[in-house]
């Protein structure tokens, strides 16, 4: 991963990065993306979520900028928001925030992102490691807990998804 670069908030908001980068108090940070298992897990999970919520008032968004504080923008791999939230940059806590880990991800960096999300008011996070075939959930009340029964679940909206459905083999 490349080092972070200092830019103004105005420059960040007017620049298109490929892939998109996070903005943390003046620093543009690249994200780990692009590996096959990460990408396949993201596609399978987004499709599964879309089937679950298509008749409900929610949108499934992939790699969407979310402004979590005045000078902090994070990008979930997938998030679930209310359909009436039509901003180009989401400014309300998503109902569900999903991080799919890459081999290069380090837990300290993942933990910092989880902490930011929980402070912002995200009620449920799923953290999925398609390489180790593990997953965790995080909430403000329960902290981080490993998924031991093989099922990702959320209460609002009510969801339950088997890890076997979304984790690629091999």
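The values are calculated or read from the model by the stated rules, or taken from the named source; none is laboratory data. Keep in mind that what you see is a predicted model, and the values were worked out from it rather than measured. Neighbour counts run over all protein chains shown; Cβ positions are idealised from the backbone, glycine included.
Here are the numbers:
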quantity	calculated
Considering residues of the range 29-45 that are buried (at least 19 other Cβ atoms within 10 Å of the Cβ) and touching a strand residue (DSSP E or B) at 6+ places or on another chain (Cβ under 7 Å) only, the residue farthest from residue 160 (Cα to Cα)	31
Filter result (under 14 Å from the mean Cα position of the chain (by Cα) and either in a loop (DSSP other than H, G, I, E, B) or over 19 Å from residue 156 (Cβ atoms) (or both)) within the range 74-88	74, 75, 76, 77
Residue selected from the range 141-153 under the condition surrounded by fewer than 20 Cβ atoms within 10 Å (Cβ to Cβ) and within 16 Å of the chain's Cα centre (by Cα), by the criterion modelled with the lowest pLDDT	153
Any pair with Cβ under 9 angstrom, 6 or more apart, that starts in the range 158-170 at a residue that is over 21 Å from residue 125 (Cβ atoms) and ends at one that is surrounded by 12 or more Cβ atoms within 10 Å (Cβ to Cβ)	168/37; 168/40; 168/41; 168/44; 168/130; 170/37
Residues located in the range 118-133, provided they are buried (at least 16 other Cβ atoms within 10 Å of the Cβ), more than 16 Å from residue 77 (Cβ to Cβ) and either out of contact with any strand residue (DSSP E or B) (no Cβ under 8 Å at 6 or more places or on another chain) or touching a residue at least 40 places away in the same chain (Cβ under 8 Å) (or both)	120
Residue that is nearest to residue 69 (Cα to Cα), among those in the range 134-157 that are free of Cβ contacts under 8 Å to residues at least 24 places away in the same chain and either part of a loop (DSSP other than H, G, I, E, B) or in contact with a helix residue (DSSP H, G or I) (Cβ under 6 Å, 6 or more places away or on another chain) (or both)	140
Residue that is nearest to residue 17 (Cα to Cα), among those in the range 90-115 that are surrounded by fewer than 18 Cβ atoms within 10 Å (Cβ to Cβ) and touching a residue at least 40 places away in the same chain (Cβ under 8 Å)	104
Selection count, the range 46-67, where residues are surrounded by fewer than 22 Cβ atoms within 10 Å (Cβ to Cβ) and closer than 26 Å to residue 4 by Cβ	6
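So that you can scan it fast, the table gives a plain yes or no per residue for (1) assigned to a loop (DSSP other than H, G, I, E, B); (2) without any contact (Cβ under 8 Å) to a residue 24 or more places away in the chain; (3) in contact with a strand residue (DSSP E or B) (Cβ under 8 Å, 6 or more places away or on another chain):
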residue: 48; (1), (2), (3): no, no, yes
residue: 51; (1), (2), (3): no, yes, no
residue: 56; (1), (2), (3): yes, no, no
residue: 60; (1), (2), (3): no, yes, yes
